[in-house]
Structures are given as C-alpha cells and as structure tokens.
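First comes the structure, then the notes that go with it.
What follows draws every value from the coordinates through simple rules; no lab data is involved. Just so you know, these numbers come straight off a predicted model, no measurement behind them. A quick note on method: Cβ atoms are made from the backbone with ideal geometry, for glycine too, and the neighbour counts reach across all protein chains shown.
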C-alpha cells in the first residue's frame, strides 16, 4: 500500500463547477497535510495546508481533513480553466523531521 | 532575487559521467531537500539536510551524493550517471513544514 494515494485522473469538470480532489494516507500518526498545485513543466506550489480535523477555507479553495478515516480532500469552487493542473497531496508524519510524502497527483481539467 | 534557484535548468549527459546539480536559497531555511519526479512515481525524496553539515538519505539515495557546507547551498551529485537517473530534479527548502520548490532541472542521461 502506498503511503499517500490519489486517483491519477484526469478529473474533468466544466467551468464554474466544484472540483473535488481526494487523498488517503496510511500513517495514522500523520500530523500535517498539504495540497500543492503543479502546472505542466513547472514546479509544485503550495496552495493549502491543514492540521486539524474539519474544513479550512481560503478563497475558492477548501481543504477537508478526517483523521479517523485517514482522508483529506481539496474542493475548488467556481473552477476556472486556469485551475487545470496536477494537484499533489502531501503528508507529514509525527516525527520532528520535516519530510513530506507525496501522492502521485490528480490531473484536473476544467473545460470552458 | 529572493527564493530558491537551481542550475542548470536542462542538462544532457552521457552514461558514466559525473553530474552536479546546484541549488541555492536566499531564505536561510534550515531544511533543504532533493526530490526527483518521474511519471507514475510522483515526487520521491533523494536526500535531505536539516542544517549545514547535516545530511541524510531519503527514499531513493543510491547513486547520488550531497553536501551542505553552507546553509544556502545544497548541491546534488550523480557520481556515475545511469539512464535510470533521467528525471526532473527539484530542490526545495522548508522552515515550518511547508516546502518551497525551485524551478527544477530536467536531466537526460543518454
């Protein structure tokens, strides 16, 4: 079992719709969860992080965490064609070392 | 400019040659990392460093060497390049658990 799992997609949504991206992780002691966006040919950029169970909102983005189910998701409201990218879920364990384990990413396609 | 830079951005080398990828950050972050990204595998950690002169292996360290004599620099050396090391290499730095990535180096080993 991979430590961090994501559906590779592509996830196709029409412009203006809500895109829902999901991620599961295997280490029950994981403490911190991150979502990175990566455009083709570019480096990953941090868009959201969440530490506590529940929802965290930032503009059009909402991260949701359920530690009991070992599940983290990213919702993108009012999806735009510019949101088309690969979204990487990353998880940090409960050690002092700041290592992140990444999923392989979900490719999102937003059609006009 | 502030941030994290990598050089070269593109490199083609032959099997068996030694190659060094450079990484420089201006934030004075303690932690620095080298990842490689390949289709189907995502980002995999090669080596990391918690501070100057402190380095340790990540998930896929074989065939790579790192050093960190100064906080701002973290070069990655492929001692004898192999075709399986063809990849995109990302350097990253971190201070509070949030990674900030450099632009990447696309390395092709022929």
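Once you wrap a convex hull around the alpha carbon atoms of region B:17-110, what is its projected area averaged over all directions, in nm²?
Answer in nm², one decimal: 5.7.
Evaluate E = 1/(1 + (r/R0)^6) for residue B:106 and residue A:109, where r is the Cβ-Cβ distance and R0 equals 25 Å; express this FRET efficiency to the nearest 0.05. Don't skip to the end; give the middle numbers.
Values: r = 24 Å, r/R0 = 0.95.
Between residue B:106 and residue A:109 the formula returns 0.60.
Suppose R0 equals 45 Å; then what is the FRET efficiency for residue A:78 and residue B:53 from their Cβ-Cβ distance, rounded to the nearest 0.05?
Numbers: r = 48 Å, r/R0 = 1.08.
Working from the Cβ atoms, E equals 0.40.
Using square roots of five times the C-alpha gyration tensor eigenvalues, list the equivalent-ellipsoid semi-axes of the protein assembly as shown in whole Å, biggest first. Provide the component values of the computation, followed by the final result.
Numbers: eigenvalues 181, 80, 50 Å².
So the three semi-axes of the protein assembly as shown are 30, 20, 16 Å.
Mind checking B:90-97 for the average number of partner chain beta-carbons within 10 Å of each residue's beta-carbon?
Mean inter-chain Cβ contacts per residue within 10 Å come to 3.
So what's chain A giving for Cα Rg divided by 2.2 N^0.38 Å, two decimals?
That works out to 1.02 for chain A.
Round to a whole angstrom and tell me the spacing of the C-alpha centers of region A:11-89 and region B:49-103.
Each part reduced to its Cα centre gives a spacing of 26 Å.
State, to one decimal in nm², a quarter of the convex hull surface area for the C-alpha atoms of region B:71-110, i.e. the direction-averaged projected area.
Numbers: hull surface 14.4 nm².
Value for region B:71-110: 3.6 nm².
Pairs of Cα atoms under 8 Å, at least six residues apart: use those to get the relative contact order of chain A, whole percent. Kindly include the intermediate steps, with their values, before the conclusion.
Numbers: 283 pairs, mean separation 41.9, N = 112.
It rounds to 37 percent for chain A.
On a full-extension model of 0.36 nm per residue, what is the gain between residue A:70 and residue A:27, subtracting their alpha-carbon distance, rounded to one decimal in nm?
14.7 nm
Take every DSSP beta bridge whose two residues both sit in the protein assembly as shown, then give the antiparallel share in percent to the nearest 5.
In the protein assembly as shown, approximately 90 percent of DSSP beta bridges are antiparallel ones.
Can you give the FRET efficiency for residue B:88 and residue A:53, using 1/(1 + (r/R0)^6), R0 = 45 Å, r = Cβ-Cβ distance, to the nearest 0.05?
Calculated transfer efficiency: 0.85.
Ranked from highest to lowest mean number of other Cβ atoms within 10 Å per residue, what is the order of the peptides A:71-80, B:28-37?
B:28-37, A:71-80
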